[in-house]
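What follows draws every value from the coordinates through simple rules; no lab data is involved. Being a predicted model, the structure only gives us computed values, none of them experimental. Positions of Cβ are generated from backbone atoms using ideal geometry, with glycine treated the same way; all protein chains shown enter the neighbour counts.
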C-alpha cells in the first residue's frame, strides 16, 4: 500500500492559520498535521522525527511547512530544518509566514505585467514605494522588486522602524545586491512625486493613500493593494481591479487588487 501524503505544518503562533490549512488541503495533501507554539530549538527534533519514521520512499510523500508571523524567525527555522536532514532522508520544506512570500510574489509579478504591457516599462529602474512595508508581505515584496532592479523604499509610520527593517532585509535577503531604503508616512507627499509604482501592504482595513495623493502623483503607473477588507488600502482601487485605470489618477495609473 502506498504511504499517504503528509504535510507537517509548524507555526510559532498559538493557532495554525486556517488560510494555510485550507490551501494545503485544497492542494491535495491527505493529512495535514499542525504543530503550534513551536520554538526554534524544537525544529530539529520535529524534522528528524518526520523523516526517520517513513523510510527513504516515504519521505518523498512527506513535507514541511513553516508559517507564523515573523519573516526572520521563519527563515531561521527553515534553515535549521534543512540542516537537520540526513540523505537520503530528505523532505521538501517551505516557509511562508503570514502567506507573505506567495502574496508578495503574486503582487510583484502582477505589477511587472502591468508595467510591461500597459506602460512600456519594467521593474528595472522603477521607483517603488511599499506602504506598510515593515510587515512580512511588504518585506518580501521589497526584496523581490529590488532584486529585479527597482529602487525600493519601505514606508511605515515610524522612520526608525522602517529604516531598521530595510537594513535587515538588505542584509538577510539582498545578497549585497539590494539598496532598499526606509522612510516615514509623514513624508509620503514628497515620496509620491517620484513614485512609478506603489504597493499597499498594511494591515487589512487601513488606507495608506487617499484620492488626493493618487491624483497628485505625476508619474504613477501602477498601484497594487493586497487588502481585500474595506476600506481599500488605496483610494479608488478595489479587490477586483485587474489592470483597469484607477479613477482620479491624472497620470493614467492602472490598479491591481487583491
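Brief remarks follow.
- Extension gain for residue 13 to residue 240 (0.36 nm times residue separation, less C-alpha to C-alpha distance): 78.6 nm.
- Choice from 27, 200, 76 with maximal GNM fluctuation in the chain (Cα, 10 Å cutoff): 27
- Net length available on complete extension from residue 44 to residue 219 is 58.0 nm, with 0.36 nm assigned per residue and the Cα-Cα distance removed.
- Extension gain for residue 69-residue 109 works out to 12.1 nm (0.36 nm per residue, less the C-alpha to C-alpha distance).
- Residues within the reach of a label modelled at residue 161 (point 7 angstrom out along Cα to beta-carbon, backbone nitrogen below 12 Å), restricted to region 113-144, are 132-136.
- FRET efficiency for the pair residue 52 and residue 193, taken as 1/(1 + (r/R0)^6) with r the Cβ-Cβ distance and R0 = 45 Å, rounds to 0.15.
- Just checking the listed ones, 156, 67, 125: in the Gaussian network model of the chain with Cα springs under 10 Å, the one fluctuating most is 125.
- Relative contact order, percent, region 156-258 [alpha-carbon distance under 8 Å, six or more residues apart]: 22
- What separates the Cα centres of region 104-171 and region 22-67 is a distance of 31 Å.
- Relative contact order, percent, the chain [alpha-carbon distance under 8 Å, six or more residues apart]: 12
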